Structure formats: C-alpha cells, structure tokens
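Before anything else, here's the structure in question.
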Amino acid sequence: MAANSKAMKFNWETNTETRLPDLPNKQITVYPMSAPATAVLLPLTWENNYKPEVVIFGGSQLADTVKENEVSSQSPTSKQASRIALDAAGIANGWSYDEMPEGRVMADATILPDGKVLIMNGAKTGTAGYGNVPDQIGQSNADNPAFTPVLYDPAAPAGTAMLAKAKLIFFIACRTLLPDGRVMIAGSNPNADVETRPYKTEYQVEYISPPYMTKTRPTYTGLPAAWNYGQNITLSVTLPASLNPPSITVSLMDLGFSTHGVHMDMRMIKLKATLSSNRKSLVITGPPNASTQKVLIGTGASPPVNQGAIDKIWMKYNEQLVVGQPKLSCPGAYAICLAELML
C-alpha cells in the first residue's frame, strides 16, 4: 500500500503491517496526485523463488502542505519510477529509482507477455479529478496529455530501462492486455458528464501491437485439463526455424480487470521450463502455491448472460431515480447493469 510518500506491506491474515522506507525524492502517489494503477507487481519468476517486487510510476511533485486553491492544472508531475523488493533484504535495501522521459499523473501500466511494462495515458501536469482547481481545462484538473507511451524493462540497468514509443490518441483512458498479446485502450473522460470541449468525452478504441506481435509463434499440444501446484507437465512443441538457438520462456498471464485507473489482479508468472535436445518437447513446472497463482475453477470461459436479471437490475435503477428525471433504457448503460451483476 502507498499513500503520499509513505508505503507499507499489509498481512491481511495476521492483521499486521510492515512499514517500508519512504518513497525517494518526495514522490507523491496519493489521490488526486496520482492513481493506484501506477503501481505494478513485476513478473514473478522461479529464477528468484518468485520474490515480489513492485514499481510505482509517476505521481506528483506537489507537497502535501499545498492548499487546495494553490493546486493548478499546470502543477508539475513526477518522472520517477520507484522500485522495491518486498522480502526482508529488499525492504532493508530500500527503494531504487529510474526516470521516465516525462512526468505523468493518472498513468496506466500493463505487463506485457515479454515481461516488459507498458506505461501510457495520463497527463504531464496537474492532478486527477475534475472541477476543483482554479484553472481547470474544461472540467479537467490536469492538462498536457501524455500521449507517448513508454516501455519499462525490469531487467535493464538503471538509466536504460525506459524507451518512448509512438504516440497514441487518448488521455484519461482505460486499458487491458488482450489474450492475443495486443493492448486495448478505450475511452477518456476527465469530466462529470459527457463533454465536447477540451478535454472531450472520447468513445474511440485503439489497439497497440507490441514488437513481438510480428514474430512467428510456437505451437503446442498436450495441455492437460488440470494442472496442480508444483506438478511437471510435458507439451509437444513446434518452434519456428528462426528461433536458433532456442530461447524458451513459459509464463502464466492474469489479464485482471480495470476501472478508474486501478488494474486488479494483473500479474505475470514465469515458470521453469526445460526444452528437449530435439526441440520437440517441453517440460514445465507449475507454480508452487496459491500465493503465487490462485486456483482457477472452470474453463475460464465467460459466464452466461441472463437477460432477465439485467432487466430486473435496470428496473431497480429506474425506481431509484428522482421524480421528474427522465427514465433510462438499459442499452444505454448496459455496462452498468453487467458490472453490478458481476460484482
């Protein structure tokens, strides 16, 4: 957990907390100075016994003593990416940090299948929220959209981990990794309602294809219906001829789900994998326990949609509307209905 420039590790089973060192250089991460989605659990790997490490990207440079009427849409944001390992040795060593090419507030971060982290969206100045600062842009408390995404390589030496990429079209949007490896970005609305002035309500969807999308992919057969913790399984594989010498990484990806700049459950787990000398079979060891990867019950397919239940929930919303307010139709807020059903 991180708030302001403070951080801690909370054990929900024992109801105890471990205080972490303060974030370096007064990096501020609490709302409205940033958003929790800028914190990422880096890929867990068998090579270091699945040691957890987190990175917090961006935030604000404003002191927490600044009065509300002194906060501006032009207030500086932080370039900093602060990283810490959450074992005893890592906590004792404290935070290390790198710098992004530009400051960001309300950034989004997505773990990619190659282990890198894609940072995108947000603004270069101001804060989160709307309708509060004296010089708001339309209703936005932030200005100067950060259209250029950045790749963070956790394995790169300090000072070389950040790489700017091609520009996007969105500002305050949501994003998710798709099963095929692309990243989908949708929407943008730093306003209380629909707006056409800057910064307008955005309905477009954009897809990013990282460099690995252009490469020929391996294929496999033999994945069992059930896979236990620590169990070895053997897959029959066909590798591209261009992969010579072969370099094989096998990972589990949890795509998570995203709302309001918070990406829940997003994680990548790199598993131990051994390729046979003839390049035709691959032995993979499952994750060690449920702390590393939770149990999946079922096939992973989407749940059935019950139209009657959706209609019933929508009727409840209509009944709660103030007298004189126009009634709404379910298709216009289908996502709201589904969200409540899924919760």
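Derivation of every value follows stated rules applied to the coordinates shown; laboratory data play no part. The model shown is predicted, which means the values in this text are computed figures rather than measured ones. With ideal geometry, Cβ positions are generated from the backbone for all residues, glycine too; neighbour counts draw on all protein chains shown.
Report the per residue volume, in Å³, of the convex hull enclosing the C-alpha atoms of the stretch 108-203.
With only Cα atoms used, the stretch 108-203 gives 105 Å³ per residue.
Please give the charge dipole size of the stretch 216-285, origin at the Cα centre, charges +1 on K and R Cβ atoms and -1 on D and E Cβ atoms. Round to the nearest 20 debye.
260 debye
While we're here: Sequence gap at least 6, Cα distance under 8 Å: using those rules, report the relative contact order of the chain to the nearest whole percent.
Normalised by residue count, the contact order of the chain is 12 percent.
Would you grab the residues whose amide H sits under 5 Å from the one on Val250? Only those 5+ places off in sequence or on another chain, please, with H modelled 1.01 Å from N.
So Val250 has HN proximity to Leu271.
Any idea what diffusion coefficient the stretch 5-142 gets from Stokes-Einstein, in µm²/s, Kirkwood Rh on alpha carbon pairs, 25 °C, 0.890 mPa s?
154 µm²/s
Using the Cα centre of the chain as origin and beta-carbon charges of +1 (Lys, Arg) and -1 (Asp, Glu), tell me which of Gln27, Ile172, Asn289 is placed farthest towards the positive end of the dipole.
Result: Asn289, furthest along the dipole toward the positive end.
A follow-up question, please. For the stretch 216-285, treating each Cα as an identical point scatterer without solvent, what Debye log10 I(q)/I(0) comes out at q = 0.13 1/Å?
-0.48
Averaging over every viewing direction, what projected area does the convex hull of the Cα atoms of the chain cover, in nm²?
The Cα convex hull of the chain, projected and averaged over all directions, gives 21.3 nm².
Hey, which lysines would be in cross-link range of Lys312, C-alpha to C-alpha under 23 Å, not counting anything within fewer than 8 residues on its own chain?
Within the straight-line limit of under 23 Å, Lys312 reaches these lysines: Lys327.
Going Cα to Cα from Lys200, which aspartates and glutamates come in below 12 Å? Please leave out same-chain ones fewer than 8 positions away.
Cα-Cα hits under 12 Å: none found.
Whole-Hz ³J(HN,Hα) for each residue in the stretch 271-279, computed from phi via Karplus 6.51 cos²θ - 1.76 cosθ + 1.60 with θ = phi - 60°, x for glycine and proline: what do you get?
Calculated HN-Hα couplings, in order: 9, 5, 9, 10, 8, 5, 5, 8, 6 Hz.
Size of the dipole of the chain about the Cα centre, Lys and Arg at +1 and Asp and Glu at -1 on the beta carbon, nothing else charged, in debye to 20?
That gives a dipole near 900 debye.
Output the pairs from Lys124/Lys215; Lys51/Lys280; Lys51/Lys79; Lys67/Lys124; Lys9/Lys270 with a Cα-Cα distance over 29 Å in this structure; if there are none, say none.
Result: Lys124/Lys215; Lys51/Lys280 exceed 29 Å.
Looking only at the chain, where both bridge partners belong to it, what percent of the DSSP beta bridges are antiparallel (to the nearest 5)?
Beta bridges within the chain, antiparallel portion: roughly 95 percent.
Given the -39500 (n - 2.57) contribution per DSSP H run of 4+ residues, what per-residue ellipticity at 222 nm results for the chain, rounded to the nearest 500 deg cm²/dmol?
-2500 deg cm²/dmol
What's the angle, to the nearest 10 degrees (0 to 90), between helix 307-320's Cα axis and the longest principal axis of the chain?
30 degrees
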